Amino acid sequence: MADEIYIARHIGPDPDAIASQTALRDTIKATYKNKKVLAVGTSVSKFKYFGELDKIGEPNYEKAILIVLDVPNISRVDVDDYAKFKQVIKIDHHPYEDKMGKIEWVDETASSTCQLIIELILNSSLRLTEEVARNLFLGVVSDSDRFLLPYTTTKTFELITQLIQKSHLDFTKYYPLLYERPINEIKFHGYLSQNLTLLDSGLAYLKLDNKIINEFNVDHATASNMINDFNFIKEVLVWLFVTYDERTNIYKVNIRSRGPVINEIASLYGGGGHKFASGVRTDKEEDIDKLINALDKACQEYKK
């Protein structure tokens, strides 16, 4: 293993991306004291409980290893000068897209990238500290929506059981890190519920502008972090939240489904993901209406 290791993940990270990134960094550092191991990318303040990220500095591109986590396509890797790294390793649980390096571990049956890191640690000499175990547990819980999503398998539970047993993790005390919210976010959640547009097909959607984001004093990622809360609405098959960031001129769309396959549709508009959990980022407003129409038709076909 190289003495200089950089660990990256996708732009706009979620808990699985941040947790797998910091956990892999910390387990390598705990096992190999003399190695330089950095978790790099744009930090997200609300996920600081997973650990601080590192500044990338000046990598020795000829000798350093770049490990890319939780991202299937090169365009969404949150690291500068990706192409300069001679050695790239990919670990991911999304449907396969771009080849990134000679070593790639992609398992679409895994609930999360954190599940893969747990499997790696349990089958290697890497050290499992309490902090690493905590982050990995929370990453799996978040990406599986508390083990509710269909990507949760018996293997997921087996690995989580081994993780808890080996680390003696008091896991229930860490749930507030994921689920505790300030009152303004609870009120924002109520706004989302009150203002969903529901079509006859079973498609529900909501477009959020900066005025609403500022009114509730939340950020542009708050809605996407709440999207799984709408998983069990009887009349809804597919639902999406659209946020627009005026600073970047980017529309960010989070999509979930309880039946129709959505990742193929998302890919038509520069997005992608899992069959039932996908996203799109675009600077074209017209793409949003086209996406909604395509998802509406998919719901209609699914009902037939």
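What follows is calculated from the coordinates using simple rules that are stated; it is not laboratory data. Quantities reported herein were computed from a predicted structural model and do not represent experimental measurements. So basically every Cβ, Gly included, is an ideal-geometry build from the backbone, and we count neighbours across all protein chains shown.
Ranked by the mean number of other Cβ atoms within 10 Å of their residues, highest first, the peptides 12-25, 236-249 come out as 12-25, 236-249. Classified by the C-alpha gyration tensor, region 183-303 has an oblate form. Its axis ratio a/c, with a ≥ b ≥ c, is 1.5 or above, and a/b does not exceed b/c. Judged by the gyration tensor of its Cα atoms, with axes a ≥ b ≥ c, region 4-178 is prolate; a/c meets the 1.5 cut and a/b is the larger of a/b and b/c.
Taking GluC sites (Glu not before Pro) across region 82-177, the ones in a DSSP loop with at most 13 further Cβ atoms lying within 10 angstrom of their Cβ are Glu108. This ranking places Met226, Met1 by how few other beta-carbon atoms lie within 10 Å of each, fewest first, which gives Met1, Met226. Relative contact order of the chain, taken over Cα pairs closer than 8 Å and 6 or more residues apart, is 12 percent. Fraction of C-alpha pairs exceeding 16 angstrom in region 37-83: 44 percent, rounded to a whole number. Residues of region 20-54 falling in the label zone of Asp98, defined by backbone nitrogen less than 20 Å from a point 7 Å along Cα to beta-carbon, are 21, 39-43. Taking each residue as 0.36 nm, the span from Ser45 to Ala30 lengthens on full extension beyond its C-alpha to C-alpha distance by 2.9 nm. Taking the DSSP beta bridges in region 4-178 as the whole, what percent of them are antiparallel, to the nearest 5? Of all bridge pairs located within region 4-178, approximately 5 percent are antiparallel. Couplings 3J(HN,Hα) of region 173-184, computed from phi: 6, 9, 4, x, 4, 8, 10, 6, 9, x, 4, 5 Hz, in residue order, whole Hz [Karplus 6.51 cos²θ - 1.76 cosθ + 1.60, θ = phi - 60°; x for Gly and Pro]. Which label marks the calculated value of volume of the Cα convex hull per residue in Å³, given the options (1) 173; (2) 135; (3) 192? Evaluating volume of the Cα convex hull per residue in Å³ on these atoms matches (2). Taken as Cα centroids, region 154-183 and region 195-237 sit 27 Å apart, rounded to the nearest whole angstrom. Using C-alpha pairs under 8 Å with a sequence gap of at least 6, the mean separation divided by the residue count of region 183-303 gives a relative contact order of 22 percent.
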